[in-house]
Amino acid sequence: MKKFKPVVLLAALLFTVTLMIPTIVVLPFGEEKIIGKLGEDVQEEAAAKPETEVASTAPSIDVAVYRTAKQDVESIPLEEYVAGVVASEMPADFEKEALKAQALTARTYIVKQLMSDQSVDLPKDANVADTEFFQVYKSPEELKKVWGPSDFSWKMEKINEAVKETQGQILTYDGNPIDATFFSTSNGYTENSEAIWANSLPYLQSVESPWDKQSPKFSGQRIIPVKEFETKLGVKLKNNKTIGEVTERTAGKRVAKVNINGKEVSGKDIRDKLGLMSTDFTWERRGDDIVINTKGYGHGVGMSQYGANGMAKEGKKYTDIVQYYYKGIQIADSEPFITTITAKK
């Protein structure tokens, strides 16, 4: 068999890769489409990968993370970044299958973010910051301080295993990375995306999540003085025990709208303005205070973290978990998307 000289072989390889680089156009939240023949190739290639076992050949890529405490940007390898997010967003003592599901959400989020043409208001061309507005990220040094030296080794080893065992895998719908939203604890149901945000996404729809009842964050309570309640919500209560009447509920059994003495207020606004754990709440007036009891913790859209852990304890795999909480999605190889991102740089 004739052997190629290394230089000739490298040139041929580079020429082939160049021909394969797709062109992607990303539209606003929830409406992204990959267009053109090369875009269709990306979709077909991603969809062709088996859902339960995706071997990635994605090239290495770094994430520019704005570190808010240092007010500087760090360039972090993608898989290292994913590990730092999983470690920061989910308890390390959760089941490994739950951690693997979280790794997929973290990797999907950052791939989608890197693909987006929408500008991010961050200094020094950072892709994301390390805060909840994006995904919480902590470095190994920071995690060692949080966990302590004695727990750092086993926790980081477990998380690194979960990340490695899912390396290169992301969640897609119709061939595009999804908005892989997640939260801590449901009230027994997840929420439709349109109950919280403007867009209705087919893969972010309400499902039952009974495992969350075991979460330490399932029940909460907040006591708020009447005057503070009125000021924050811009309402005036009657001089009796009446507070407000729930006029509409969401698909996730949460409060959608409340009539408070003639003013309609959304459950989302009430949660945000009063700092409640959830939009599933009940309240009663006790003298000069209002006692509010909540079920669940977080916005409720996408994957419940405690629900994922409950599923894992019952023997479910990470593939089962993500396909339960995100309807109609596929587990795909990130390689064609990473190739597109690197080509744009």
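With neighbours defined as other Cβ atoms within 10 Å of a residue's Cβ, the residues Val111, Val73 order from fewest to most as Val73, Val111. The local environment of Tyr306, defined by Cβ-Cβ distances under 12 Å, has a net charge of +1 under the rule Lys, Arg +1 and Asp, Glu -1. Peptide packing: for 306-312, 155-161, 238-244, the average count of neighbouring Cβ atoms within 10 Å per residue gives the ranking 306-312, 155-161, 238-244, highest mean first. The count of lysine pairs in region 215-295 whose Cα atoms are under 18 Å apart, excluding pairs fewer than 8 places apart on the same chain, comes to 24. Spacing of the modelled spin labels on Lys232 and Val136, each 7 Å from Cα toward Cβ, amounts to 2.0 nm. Taken one residue at a time, the phi angles of region 330-336 give Karplus couplings (6.51, -1.76, 1.60, θ = phi - 60°) of 10, 9, 10, 6, 7, 3, x Hz. Gly and Pro are set to x. Going by Cα centres, region 220-235 and region 277-338 are how many Å apart? Centre-to-centre (Cα) distance: 26 Å.
Distance between the modelled labels on Val120 and Asp289, one decimal in nanometres: 4.2 nm (7 Å Cα→Cβ projection).
A protection proxy built from the mean count of other Cβ atoms within 10 Å ranks the segments 141-148, 123-130, most packed first, as 123-130, 141-148.
Arranged from fewest to most other beta-carbon atoms within 10 Å of their beta carbon, Ile76, Ile329 become Ile76, Ile329.
Averaging the sequence gap over all C-alpha pairs within less than 8 Å and six or more residues apart, then dividing by the number of residues, gives region 175-250 a relative contact order of 27 percent.
Every number here is computed from the coordinates shown, using simple stated rules; none is lab data. Source: prediction; values computed, not measured. Here the Cβ is made from the backbone with ideal geometry for all residues, glycine too, and neighbour counts use every protein chain on show.
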